[in-house]
Each structure stands twice: as structure tokens, then as C-alpha cells.
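For reference, the structure is listed below as C-alpha cells.
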Amino acid sequence: MKIDVIIPTYRPGKKFLELMKRLSGQSVKADRIIIMNTEEKYFDGFLHGTDFARRYPEAEVHHLSKREFDHGGTRDLAAAKSSADLFVCMTDDAVPADDFLIERLRDALCQDKDIAVAYARQLTDESSGEIERYTRAFNYPEESRVKGQEQLSELGIKTYFCSNVCAMYRKDVFRSLGGFEKHTIFNEDMIYAAKAVKAGWKIAYAADACVYHSHSYKVKEQFRRNFDNGVSQAQHPEIFSVVSSESEGMRMVKKTVAHLCGIGKPWMVLRLVADCGARYLGFFLGKHYRSLPAGMVLRCSMNRDFWKKRY
């Protein structure tokens, strides 16, 4: 089966070049790498003087403006450009942990004809702090599993969890379900996964397919990121009002507090409290964005160009 890789980029850095290098060394190689780049000047400026085009002939670059970029719409457009049987969505800062990422995602996806998408495990790098390492491991455990309608009562919102940091999709199923939401500020992966599960398909978590991907968000960044998450959930009540995500968030907080105390670092709980407070406040305001003045919405959001299409 043919496999393409889709990578949205914005101001690509060294991790992007490392990603490209490791993709070229995969045991199962991509037929095409479709790069959807926001703002041509940043891409060309970063790669000036390199032999990128010659080194990666399978890569094709499509440029768009910041105003044109959309979390779901841009990826959906890239998927329409793909003629492969399977395609992988990745972010430009996700680095394959080994040479078997694509092979293991493919195997996870193809283990059952009812699986629509398989997503990878995300590992932290050496620069990550203790809280980031633990919460990442909480969301991406060591055990693989397949999720469907039967798991809703057990897993709740986690049933729909999927991440386009690194996820492989069946193209025929993707087309039949209408692809990604065309205009969304966040969660295009979970919205698609929920749509797939409701249609009777399954989601695979492939714990042996790993990428290095982590962030050290500041409190303000956590607030703005979770504001956008709240907006996304408010715009899709058919998914997120039926299965709440707040109880899962509270479970993660309790587990993290217990972990920090257990390893003898209780002072780090203060940082966790500040971090979670910013997350919850941002999420709460995002869920109620329709009641906020337009100017406040713009100041709270991480993706302001999304709102310029509305206000």
C-alpha cells in the first residue's frame, strides 16, 4: 500500500530537519511527503543554502498565508492532494524515535479492518520537566489498545482521543466520513475520531510507534491553548457535551500530585497548581466564548487568525 506523510509547517526549525532525516531512514518509506507551509518567507529563509529539494525528492511544498491556515481545513486540503491508500499526519516538531514508526503505525492500523486511524505514542525529550514527563506518560501509556463504542462507558472522552502530532489514516474511510472539519480552531483529530467511532469504526493507539514530542508551555501559553480547546468543545456539543473531558483532567491532576509527592518533590505541586489553574480558566472561558466581547476572545486565543475570518 502507498503511504504519504502530511506535515503542516510554520517557521520550521532544527526539529523539522531531523524529522525529514528520520523519515528518509524509515523501514517503510513514504511515497510522498506533502508539506503545507504557512508563510513562504519563513520556509525559504530557514532552508536557504541547504540541499533540501535534492536530498528529499519525495517532498512537495505548498505555501499558504497565516490567514488561510486552518487546523482542520489545511490538513484536509493536503489529504485531498494525496493519492495513497494511507496517510500520516505529523507536526513539524515531532521526531520519529526510531526507523520503524511508519511500519508500526501501518501494522496497528491494518491489524483490524474496522480501524480507521492509528496514533503514535509521544515521548518527552531530555529538556522536559518532571510534570511534563509524567503528564505525557499519563496520556500516552506503554500499553497499546483499540478503542470503539464498547469502550465509551469505561474510557469516556479518552475513547475519542487521537493526535495529529502523529497519526495514520485509511484514505477510503477518511473520504467516506467527510474528512477533517474544514474550519476548526483545535481538536480536528478528536472530532474526526469521534465521528469515526460513532459510525462504527475503531481507533488504535500504537504504543510501539513512538515520536519525541513535548512542550514546556508557560502559564500564559497554557491559558491560551486551553481557551482554544474550550472553544472547540463549545462548537461541537454533539461530541463533547455528551462525554465530558473535565473528569479525566481532574484524574490526571490527582495522579500527578501523588507522583510529585511520591518522588519527594512536593514543592513542584505549586507549579502544577498554577499550570492547571491557567488551563482550567482558559478552558472555562473558551467554553463560554460566545458570551465574551470579540476583543477579549482575540486576546485569549492562541490562534487569532481563526477569528479574523469571523470578526
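The values are calculated or read from the model by the stated rules, or taken from the named source; none is laboratory data. Since the model is a prediction, treat every value here as computed from it, not as a measurement. Ideal geometry is used to build each Cβ from the backbone, glycine not excepted, and the neighbour counts take in all protein chains shown. These area figures cover heavy atoms from the full protein model, side chains too; ligands, DNA and RNA do not enter into them. Shrake-Rupley method; radii C 1.70, N 1.55, O 1.52, S 1.80 Å.
What list of ³J(HN,Hα) couplings, whole Hz, do you get for the range 285-301 from phi and the Karplus terms 6.51, -1.76, 1.60, once you set θ to phi - 60° and write x for glycine and proline?
5, x, 5, 10, 4, 5, 8, 9, x, 4, x, 5, 4, 4, 6, 7, 7
Show me the chymotrypsin sites (Phe, Trp or Tyr not before Pro) within the range 246-303 that DSSP assigns to loop and that have at most 15 other Cβ atoms within 10 Å of their Cβ. Before the final figure, lay out each step's value.
On the way: sites: Trp267, Tyr280, Phe283, Phe284, Tyr289; in loops: Trp267.
Within the range 246-303, the qualifying chymotrypsin sites (Phe, Trp or Tyr not before Pro) (loop, at most 15 other Cβ atoms within 10 Å) are Trp267.
Among Val61, Val165, Val211, determine the one that fluctuates most according to a GNM of the chain built with springs between C-alpha atoms less than 10 Å apart.
Result for the chain, Cα springs under 10 Å: Val61 fluctuates most.
Hey, what do the phi angles of the range 73-82 turn into as Karplus ³J(HN,Hα) couplings, whole Hz, using 6.51/-1.76/1.60 and θ = phi - 60°, x for Gly and Pro?
Once θ is set to phi - 60°, the couplings for the range 73-82 become x, 5, 5, 5, 5, 5, 4, 5, 7, 7 Hz.
Compute the accessible area per residue over the range 1-137, keeping the other protein chains in place, probe 1.4 Å, unit Å². Could you put the intermediate results ahead of the total?
Details: 6230 Å² over 137 residues.
For the range 1-137, the solvent-accessible area averages 45 Å² per residue.
Taking amide hydrogens as modeled 1.01 Å from N in the peptide plane, which residues meet the under 5 Å criterion relative to Arg145, leaving out close sequence neighbours?
Distant-sequence amide H within range of Arg145: Tyr205, Ala207.
For His259, His63, give me the order by solvent-accessible area with a 1.4 Å probe, most accessible first, ignoring ligands, DNA and RNA. Mind dumping the intermediate values first?
Numbers: His259 45, His63 75 Å².
From most exposed to least exposed: His63, His259.
Before rounding to the nearest 500, sum -39500 (n - 2.57) across all DSSP H runs of length at least 4 in the chain and divide by the residue total; then give [θ] at 222 nm in deg cm²/dmol. Show your work: numbers first, answer last.
Details: 15 runs with 143 residues, N = 311.
It comes out at -13500 deg cm²/dmol, rounded to the nearest 500.
Dipole magnitude of the range 112-176 about its Cα centre, charges +1 at Lys/Arg Cβ and -1 at Asp/Glu Cβ only, in debye to the nearest 20?
That gives a dipole near 360 debye.
Among Gly25, Ile185, Gly129, which residue has its Cα positioned farthest towards the positive end of the charge dipole of the chain, with +1 placed on the Cβ of Lys and Arg, -1 on the Cβ of Asp and Glu, and the dipole taken about the Cα centre?
Ranked along the dipole, the leading option is Ile185.
Out of all Cα-Cα pairs in the range 71-212, roughly what percent, to the nearest whole number, are more than 26 Å apart?
Values: 1917 of 10011 pairs.
Every Cα pair in the range 71-212 considered, those over 26 Å come to 19 percent.
Along the three principal axes, how long is the chain when you take its alpha carbons, biggest first, rounded to the nearest angstrom?
50, 43, 41
Using amide H atoms built in the peptide plane, which far-off residues or other-chain residues are under 5 Å from Leu123 H to H?
When sequence neighbours closer than 5 places are left aside, the close amide H contacts are Val211, Tyr212, His213.
Restrict the search to the range 37-141; then list the trypsin sites (Lys or Arg not before Pro) that DSSP places in a loop and that have at most 16 other Cβ atoms within 10 Å of their Cβ. Intermediate results must be reported in sequence, preceding the final value.
Details: sites: Lys41, Arg54, Arg55, Lys66, Arg67, Arg75, Lys81, Arg104, Arg106, Lys113, Arg121, Arg133, Arg136; in loops: Lys66, Arg67, Lys113.
Here the sparse-neighbourhood loop sites are Lys66, Arg67, Lys113.
Please work out whether the range 169-311 counts as rounded, prolate or oblate from its C-alpha gyration tensor, where a ≥ b ≥ c are the square roots of the eigenvalues and a/c under 1.5 means rounded, while otherwise a/b larger than b/c means prolate and anything else oblate? Before the final figure, lay out the partial values.
On the way: a/c = 2.01, a/b = 1.19, b/c = 1.69.
It is oblate, given that a/c is not under 1.5 and a/b is not larger than b/c.
Expressed as a whole percentage, what fraction of the accessible surface of the chain belongs to carbon and sulfur atoms when a 1.4 Å probe is rolled over the protein heavy atoms?
Details: 7670 of 14510 Å².
Accessible surface attributable to carbon and sulfur in the chain totals 53 percent.
Across the range 100-106, in residue order, what do the Karplus-derived ³J(HN,Hα) couplings come to in whole Hz, using 6.51 cos²θ - 1.76 cosθ + 1.60 with θ = phi - 60° and x for Gly and Pro?
10, 4, 5, 4, 6, 5, 4
Going by a ≥ b ≥ c, the root eigenvalues of the Cα gyration tensor, does the range 67-137 fall in the rounded group (a/c under 1.5), the prolate group (a/b larger than b/c) or the oblate group?
Values: a/c = 2.24, a/b = 1.29, b/c = 1.74.
It comes out oblate by the Cα gyration axes.
Taking only the alpha-carbon atoms of the range 12-140, what semi-axes of the equivalent ellipsoid follow from 5 times the gyration tensor eigenvalues under a square root, in whole Å, largest first? Let's see the in-between values first.
Working: eigenvalues 116, 83, 54 Å².
Here the semi-axes work out to 24, 20, 16 Å.
Filter the trypsin sites (Lys or Arg not before Pro) in the range 152-261 down to the DSSP loop ones having no more than 12 other Cβ atoms within 10 Å, then list what survives. Each step should come with its number before you reach the end.
Details: sites: Lys158, Arg170, Lys171, Arg175, Lys182, Lys195, Lys198, Lys202, Lys218, Lys220, Arg224, Arg225, Arg251, Lys254, Lys255; in loops: Lys182, Lys218.
Here the trypsin sites (Lys or Arg not before Pro) that fit, given the DSSP loop and packing criteria, are Lys218.
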